1. What FRET efficiency comes out for B:I116 versus A:Y163 if R0 is 45 angstrom and r is the Cβ-Cβ distance? Round to the nearest 0.05.
2. Quick check on the stretch B:75-193: what are the equivalent-ellipsoid semi-axes from the Cα gyration tensor, as sqrt(5λ), descending, whole Å?
3. Projecting each Cα onto the charge dipole of the protein assembly as shown (Lys/Arg +1, Asp/Glu -1 at the beta carbon, about the Cα centre), which of A:M412, B:M176, A:V272 comes out farthest on the positive side?
4. Quote the FRET efficiency, to the nearest 0.05, computed for B:F3 versus B:V199 with a Förster distance R0 of 56 Å and r equal to the Cβ-Cβ distance.
5. What number, in nm² with one decimal, is the all-direction average of the projected area of the convex hull of the alpha-carbon atoms of the stretch B:40-122?
6. Note down the magnitude of the dipole of the stretch B:211-338 about its Cα centre, charges +1 on Lys and Arg C-beta and -1 on Asp and Glu C-beta and zero elsewhere, to the nearest 20 debye.
7. How big is Rg to Rh over the protein assembly as shown, alpha-carbon atoms, Rh as the Kirkwood inverse-mean-distance radius?
8. P(r) tail for the stretch A:216-351, what percent of Cα pairs lie past 24 Å?
Amino acid sequence: MTNVTNKVLEYAAGNSSDLELDPDDPLHGELMKINVGPQHPATHGVLRLSVELDGETIVSCDPEVGYLHRGKEKTCESLGWRKFLPHTDRLDYVQPLLNNTAYALSLEALAQIEVPQRAQEIRVLMMEVSRIMAHLIYLGTTAIDLGAVSMFFFTFTEREKAYDLLDAWSGHRMNNSYIRMGGVYADVDEAVAKSIEEWLRAFPAKIDEFEKLLTSNAIWNARNRDVGVLSAEDCFALSLTGPNLRGSGVEWDLRRKMPYSGYETYDFDVPVGSAGDCFDRYLVRIEEMRQSVLIALQALDRLKQSKGGDFLARDRRYVLPPKGRTHESMEELIFQFKVVTDMRLPKGSAYLGVESSKGELGFFIASDGTSDPLRCHVRAPGLMNVQAIPQLAQGRLLSDIMAIIGSLDFVMGEVDR
Amino acid sequence: MTFLILLIKASLIYGGLLVTAAVMTLAERKISARIQLRIGPNRVGPGGVLQPLADGVKFILKEEITPDGANKGIFRLAPIMAAVPAMLTVAVIPFAGETVIFGLDFGLLSLTDLDIGLLFVLALSGLSVYGVILGGWASNSKYSLLGGLRASAQMVSYELSLIMTALTVVALSGSMDLREIVEVQNTGNPLAWNCFTPVIGQVGLILFVIATFAETNRHPFDFAECEPELVGGFHTEYSSMKFALFFLGEYCAMTVMACLTTVLFLGGYSVPFWEDAPWMVELATFMAKTSFFLFLFIWVRWTLPRFRYDQLMNLGWKVFLPIALANLLLAGAFISLT
């Protein structure tokens, strides 16, 4: 790299206050500013990157979020606790079930509801299937950004199968709203559970196929290795969690460190990387998919044993009675009316983080004891992941932005909220 | 009479080239669909075979947009610059030997057999990069400009190894005339093909094929258009027939490069174990060999990730060029020994 480029980079990093570019210098005379996004094929939604280039070298990269801002947190305050649930689907829309669970867990913590065993097992199964689906999106979109177009179709074929299963299971393909406060919306249908098991058992072979195409591919290695290197300290400073943190060698997984939904009883490994580059993050996610399959299969086994158990808590202050009962029992009708119109959480606040596919996802909720929520804040891991872009992109080539964005993995629906 | 025959030959060969380019667009879509577990176009005509026609009509009917601030003259010139050289190069490709159709002697099946045929091809295909550079510059768009810049850098780095590898074949055959190069290999014994010359042939073939990928701006070296980064690269601002001309140029260049690879390394139209085959068999052989390379273009595009621009330059200058030079030296030693 030339001296001029070094000077420009120092200036951009704030280490040098004077930047005098020689306008007569044909190679480094002026910087080129280009907008990558918000309408751009590679920015995974509506992220805008304002990039300054010296030739092809990135001098500064300034991500601008907010193009997809829908005021979700504020919406919660006027909708009330129950009706906000479908909105959580639309935060990180590639993994609605994980969002549902995170929201439900915080509500349950504040209301202190005991979730039945079977519901927890179903949740674990659903969360792991969601994680696989979210990682498939990561793999497909990152590959298409780096030019391996067909990978996108391979991963989406698998995702499509999972969508069909979720459709059969929860009644919805995408915005499931399946996991409710106190449990889940409906019990498992046995035929569907069987097809999920078949899909899960066949899936590791598919991961092998993906790996055959990418892991040992020289071009894939060249594009990902030593690109976007994050040290563990960088991750802490940027509050990165999830696969991005684990890729840098820190074994931090909320499923292990702060278990919820009974994760402490499941047998699985937490994969960690060492170099902290895009390639390690890729490997971590690939291995996480394998581990998710294992966890989901364990959950399926337990579901066979807990057959016939409750899948929804019986706490009538917060949980709707079964529909049929409301037509027979006066009390149940009153409960239903109260829950729908005027569900109150106790005064106080709660936060519970879950390990989503992108890092720690949690809902901070505060209640003043009335039926109107006081505050609902989403700790969205995607926003932190976006934060890392400027640091990683600086001094790299324009093409590296694509690898970096892809490997950080975020969904704008969650970032902008 | 000679003029009439030349006219018929020219229309046959150019018609053939354009049809091949059209079929290639269909093949690209069909094969990529197969690779990606899709069906591909199947609405126009039986099994979608008329899709290229529908595409052509669509391109003609689309609105032509010239962006504000674009240099209008050069903006118009660029697509022509991209398409014409690729089409001209086909003039010297020998497709078959002595050809007689309905008792009419057509002579050797190629438009012309230049003594410097190979030089002609390389010179003209080198020109096609101007279309990309000028198109990128004249569009008045930063994405296009970056695409054009990348294309120029890329061409410079790959032209050299391409030429060095082609020189190896010239040294082996002792001629620059493409017809001569084929005739030297056309002995009825496929082992006489240049790709079977020990080491030199294989290294040369691999280098040449990779260089043609870069030369024609094809994936994994398609930085000039590089969708995720530069939106469409040099053709971001192009629409309608101007855009179609860029594509026509790309597919013609691919076809010519596949023909050239066949001629240089796979014995052109020489049929295995049949030295004096009739022209139809020779032409069919030539087409079969060429279609393999055309298939390779498509296969690679839909399988591999894309290189980064600086990695390509490294590869071109630090790996391919030294290997090509060493291969040329080796060829010299080989010739003096045999």
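Values in this text are rule-based calculations from the coordinates and carry no lab data. Treat the numbers as computed from the prediction; the structure is a model and nothing was measured. With ideal geometry, Cβ positions are generated from the backbone for all residues, glycine too; neighbour counts draw on all protein chains shown.
1. Efficiency, from the Cβ-Cβ distance: 0.15.
2. 35, 19, 9
3. Positive-end residue among those listed: A:M412.
4. 0.75
5. Taking a quarter of the hull surface, the average projection is 10.3 nm².
6. Around 220 debye, computed over the stretch B:211-338.
7. Value, to two decimals: 1.06.
8. 57
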